[in-house]
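Student: Quick one: this structure, given as structure tokens, is what I'll be asking you about.
The values are calculated or read from the model by the stated rules, or taken from the named source; none is laboratory data. Note that the structure is a prediction, hence the values are computed from the model and not measured. When we count neighbours, we look across all protein chains shown, and the Cβ atoms used for this are built from the backbone with ideal geometry, even at glycine. In case anyone asks, the SASA skips ligands and DNA or RNA and just uses the protein heavy atoms, side chains included. Shrake-Rupley method; radii C 1.70, N 1.55, O 1.52, S 1.80 Å.
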Amino acid sequence: MNLGLIKKIIVWSLIAFGTVEAVWGLLQVYGYEPSNHSLYALTGSFYNPGPYSGFLAMCLPVALHEWLEGKRVWKYLALAAWVLMLVVLPSGMSRSAWVAALVASGYVWAMHYPKVIARYWKAFLAGGVLLVLLGIGAYHWKKDSADGRLLMWKIAAQTVMERPWTGVGWEHVAGAYGEAQERYFASGKGTEQEEYVAGAPEYVFNEYLQVGIAWGVPVLSVILAVVMVVFSWGHRDRQYGVCGGLFSLAVFAFSSYPFQFLAFILTFLSLLVACALGHRKVWVRWLALVLGISIGVYLSANRPTKNARQMFEQAHALHKAGEWQASTDLLMETMKISSDAMVLNIIGKNFQSMGQPEMAEHWFVRSTHRLPNRIYPYYLLAKLYAEHPDVFPKEKLEWAARMVLEKKAKVESTAIRQMRKEVKEMLAKQS
């Protein structure tokens, strides 16, 4: 088997997939193809423009390298693919993908034209300063979003340190994150801005932290070491395109969630194999090829099986049907794989329906800590306190009611106005 041919197939397969995604995105932008998300016009074959843009950013440096180093018709095919991807990428509005594409493409350019970099290093330094200033501007452009991302990383880092050696398992990352965020705000350490931007993410938007939470620091360290060693092999062999693809993915993974998609995992393995196939020792090339295929097959056959949203919907249906204990049992399992505070709310409502107001209060209070910017759990507490004046002191009702009436809502809605109206009526009846 010609290992060089395998490497070429990997490279051009990635360029072809990137081209198909770019054309798909253009058709969506102009209304010829439907989007996979109701809120976004551009998703490609993905369900969100974020990972779609990240995939294009990963393909860009590969196409750029083939254009700069290719021959005859291949050179112009690579140029056409690169232009297509470059045209579509800004429409995804993904800052993470923009940075990844820029850094990785810069690496490819620098490796092909090192003398130009050396001659005009002052201009490139000025460009770096400009990028930093643009980054600061981008932060202030979407400050709440950026602050939310920083809070996620902060809580995720704390989650890693709770089980640094073994992790919690890939499926349980969101559940472990939710509990860590709950403990953080319950401790009183959270700032007002952190409370405002807190969310219930399915992923921590940083795959390094995600892997650390899932499998522990030792596994994360081994993966990083392997990637750096294989990258060095590819770099030494002048495989700047596949190295650029790895570089782009590494940057994008810092602030997104590419490894939640099998397409990214398989592409990541393919890039590693392509880099390793340039090694001078034949046995290393074959080992990389066999390992890459084996890991890809294993991951394809062992994807997570539980769906937190489906489990919650089933448990909610049980709650509405009066099957409160069965609903609670299922929600306890859901909580292990979900950070959603609504899981806690429904558990509390189940206990309330089963005539256990103290337990209901416990779960509603936990919900206020997990997502302190939500008004709904305070509303549930106010209703609970009003229904059981013989169990809870009046001061608790007044506190919960004040939170509903005065707490700043992230988005004002009819539901919030209705809750505030009901709470006012509760207070009027109590007086």
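Student: Taking springs between alpha-carbon atoms closer than 10 angstrom, which of 358, 207, 182 fluctuates most in the Gaussian network model of the chain?
Tutor: Highest fluctuation of the listed residues: 358.
Student: Enumerate the aspartates and glutamates that residue 336 could reach by cross-link, defined here as Cα to Cα under 17 Å, with residues fewer than 8 away along the same chain left out.
Tutor: 162, 171, 179, 182, 202, 313
Student: Is any residue of the stretch 146-186 close enough, with backbone N under 17 Å, to a label point placed 7 angstrom from the Cα of residue 219 along the Cα-Cβ axis, and if so, which?
Tutor: Answer for this model: 157, 159-177.
Student: So, one more: Based on the mean of other Cβ atoms within 10 Å per residue, sort peptides 409-417, 234-242 so the most packed one is first.
Tutor: 234-242, 409-417
Student: Right, something else. Taking a label point 7 Å from the Cα of residue 171 along the Cα→Cβ vector, which residues of the stretch 193-220 have an amide N closer than 20 Å to it?
Tutor: Output list for this probe position: 201-204, 210-216.
Student: Related question: With r as the distance between the Cβ atoms of residue 307 and residue 33 and R0 = 30 Å, compute the FRET efficiency 1/(1 + (r/R0)^6) and round to 0.05.
Tutor: 0.65
Student: Also, quick follow-up: Positive end of the dipole of the chain, charges at C-beta (+1 Lys, Arg; -1 Asp, Glu), about the Cα centre: which of 227, 265, 386 has its Cα farthest in that direction?
Tutor: The Cα lying farthest towards the positive end belongs to 227.
Student: List the relative contact order of the stretch 256-299 as a percent without decimals, with contacts defined as Cα pairs under 8 Å and 6+ residues apart.
Tutor: Answer for the stretch 256-299 is 32 percent.
Student: For the chain, set up a Gaussian network in which alpha carbons nearer than 10 Å are linked by springs, and say which option among 339, 105, 145 fluctuates the most.
Tutor: With Cα springs under 10 Å in the chain, the top fluctuation among 339, 105, 145 is at 145.
Student: Once both labels are modelled 7 Å past Cα along the beta-carbon direction, what's the residue 323-residue 260 spacing in nm?
Tutor: For the pair residue 323/residue 260, the computed spacing is 2.9 nm.
Student: Quick one: if the Förster radius is 35 Å, what FRET efficiency do residue 407 and residue 41 give, using the C-beta to C-beta distance and rounding to 0.05?
Tutor: Taking R0 as 35 Å, the efficiency between residue 407 and residue 41 is 0.50.
Student: Ignoring everything except DSSP H segments at least 4 long, calculate the 222 nm mean residue ellipticity for the chain; use -39,500 (n - 2.57) per segment, divide by total residues, nearest 500.
Tutor: Per the formula, -24500 deg cm²/dmol.
Student: Just to verify a number: FRET efficiency for residue 424 and residue 158, C-beta to C-beta distance, R0 = 35 Å, to 0.05?
Tutor: 0.35
Student: So, for the chain, what is the accessible surface per residue at a probe of 1.4 Å, expressed in square angstrom?
Tutor: For the chain, the per-residue accessible area is 51 Å².
Student: Could you give the length gained on full extension between residue 232 and residue 195, defined as 0.36 nm per residue of separation minus the Cα-Cα distance, in nm?
Tutor: 9.1 nm
Student: What lysines sit close enough to residue 408 to cross-link, taking a C-alpha to C-alpha distance under 29 Å and skipping anything fewer than 8 places away on the same chain?
Tutor: 142, 143, 154, 189, 349, 383, 394, 396, 421, 424, 429
Student: Let me ask you something else. Pairs of Cα atoms under 8 Å, at least six residues apart: use those to get the relative contact order of the stretch 268-328, whole percent.
Tutor: Result for the stretch 268-328 is 20 percent.
Student: I'd like to compare 71-80, 244-253: which one has the highest average count of other Cβ atoms within 10 Å, and what's the full order after that?
Tutor: 244-253, 71-80
Student: Now a separate question. Between 0 and 90 degrees, rounded to the nearest ten: what's the tilt of helix 143-162 against the longest Cα principal axis of the chain?
Tutor: 90
Student: Still on this structure: Carbon and sulfur together cover what percent of the accessible area of the chain at a 1.4 Å probe radius?
Tutor: Carbon-and-sulfur percentage of accessible area, whole number: 64.
Student: Averaging over all projection directions, find the projected area of the Cα convex hull of the stretch 301-420 and quote it in nm² with one decimal place.
Tutor: 8.4
Student: Also: Extending each Cα 7 Å along its Cβ direction at residue 80 and residue 16, get the distance between those two points in nm, one decimal.
Tutor: 1.4
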